[in-house]
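> Got a structure for you, written out below as structure tokens; questions coming shortly.
The values are calculated or read from the model by the stated rules, or taken from the named source; none is laboratory data. The model shown is predicted, which means the values in this text are computed figures rather than measured ones. Cβ placement follows ideal geometry from the backbone for every residue including glycine, while neighbour counts extend to all protein chains displayed. The accessibility values were calculated without ligands, DNA or RNA, using every heavy atom of the protein model including side chains. Shrake-Rupley method; radii C 1.70, N 1.55, O 1.52, S 1.80 Å.
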Amino acid sequence: MTISFRSRLEGVVARYRAEVASRREHLSLLRWQIAAGHALDERDTFPGHVTTSAIVLSPDHAQVLLIDHVVIGRWLQPGGHYEEAEAFNLSAAREAIEETGVSRLALHPWHRGDDLPFVIDSHDVPGKPSRGEPDHIHHDLQYLFVADPAVPLVAQLEEVHAAAWMPAAELAGIAPLVAARLASVAVR
């Protein structure tokens, strides 16, 4: 029996709140949308929908893989709108591979092989009036991965200007909760 997207998301959010989230991470809008039965796996669901992203670290955690996003015009972690997968981390991994060409990508040991997000970040995204899309929210399920920075990358130039390994300190300005939480994650 296949578990529905909504059931999987509801379970992941409940576990995240119980096991990972700080006291200030309520995820109120996301939880309300789940309870209201919104199709959060569809990008035209508003006020928000699910995205997944990959925080790809070098084995020593000194570097992070980032993309120069074509539409947004800044360096970010690889990611995008949720695409159907058996696990949310597999959707995030697919985005990283598609956008950067990274190979030998492995889920970080922090996850213990589980689908529990490292961070759930609900953030504002500007709409696209040309598509009739209003300003909205991306409920981004963020997963840690490890890859070798010595292996060449091949950026998907339709979506990114470039993909590059940068100092992990760059995460403080891109994903501050990830950067803060990483301080407690041991290098394995």
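> Which residues, taken from segment 21-36, are open to solvent by less than 50 Å² (accessible area, probe 1.4 Å) and either touching a strand residue (DSSP E or B) at 6+ places or on another chain (Cβ under 8 Å) or small (G, A, S) (or both)?
Of everything in segment 21-36, those that are open to solvent by less than 50 Å² (accessible area, probe 1.4 Å) and either touching a strand residue (DSSP E or B) at 6+ places or on another chain (Cβ under 8 Å) or small (G, A, S) (or both) turn out to be A21, E25, L27, L30, Q33.
> Can G11 be described as out of contact with any Leu (no Cβ under 8 Å at 6 or more places or on another chain), without any contact (Cβ under 8 Å) to a residue 40 or more places away in the chain, open to solvent by less than 70 Å² (accessible area, probe 1.4 Å) and on the phi > 0 side of the Ramachandran plot?
No.
> Filter segment 76-91 down to the residues that are within 18 Å of E42 (Cβ to Cβ) and touching a strand residue (DSSP E or B) at 6+ places or on another chain (Cβ under 9 Å) and list them by number.
G79, G80, H81, Y82, E83, A85, F88, S91
Residues are listed down the side, and each one gets a yes or a no for (1) without any contact (Cβ under 8 Å) to a residue 60 or more places away in the chain; (2) part of a strand (DSSP E or B); (3) among the hydrophobic types (A, V, I, L, M, F, W, C):
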position	(1), (2), (3)
G127	yes, no, no
P134	no, no, no
L141	no, yes, yes
L144	no, yes, yes
A150	yes, no, yes
A155	no, no, yes
A163	no, yes, yes
M166	no, yes, yes
A169	yes, no, yes
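> A follow-up question, please. Of all residues in segment 96-116 being small (G, A, S) and in contact with a Pro (Cβ under 8 Å, 6 or more places away or on another chain), which is surrounded by the most Cβ atoms within 10 Å (Cβ to Cβ)?
Within segment 96-116, the first condition is being small (G, A, S), and the residues that meet it are 96, 101, 103, 106, 113.
If we keep only those that are in contact with a Pro (Cβ under 8 Å, 6 or more places away or on another chain) too, we end up with 96, 101.
Numbers: A96: 26, G101: 14.
Among those that are small (G, A, S) and in contact with a Pro (Cβ under 8 Å, 6 or more places away or on another chain), it is A96.
> Scan segment 171-188 residue by residue and report those that are without any contact (Cβ under 8 Å) to a residue 40 or more places away in the chain and under 17 Å from W75 (Cβ atoms). Walk me through how you get there before you give the answer.
First, pick out the residues of segment 171-188 that are without any contact (Cβ under 8 Å) to a residue 40 or more places away in the chain: 172-173, 176, 179-180, 183-184, 186.
A172, G173, P176, A179, listed by residue number.
> Tally time: how many residues in segment 37-95 are assigned to a loop (DSSP other than H, G, I, E, B) and either more than 16 Å from the chain's Cα centre (by Cα) or surrounded by fewer than 24 Cβ atoms within 10 Å (Cβ to Cβ) (or both)?
The total comes to 26.
> Taking only segment 104-125 into account, find how many residues are in a loop (DSSP other than H, G, I, E, B), free of Cβ contacts under 8 Å to residues at least 60 places away in the same chain and within 27 Å of R43 (Cα to Cα).
Selection size over segment 104-125: 2.
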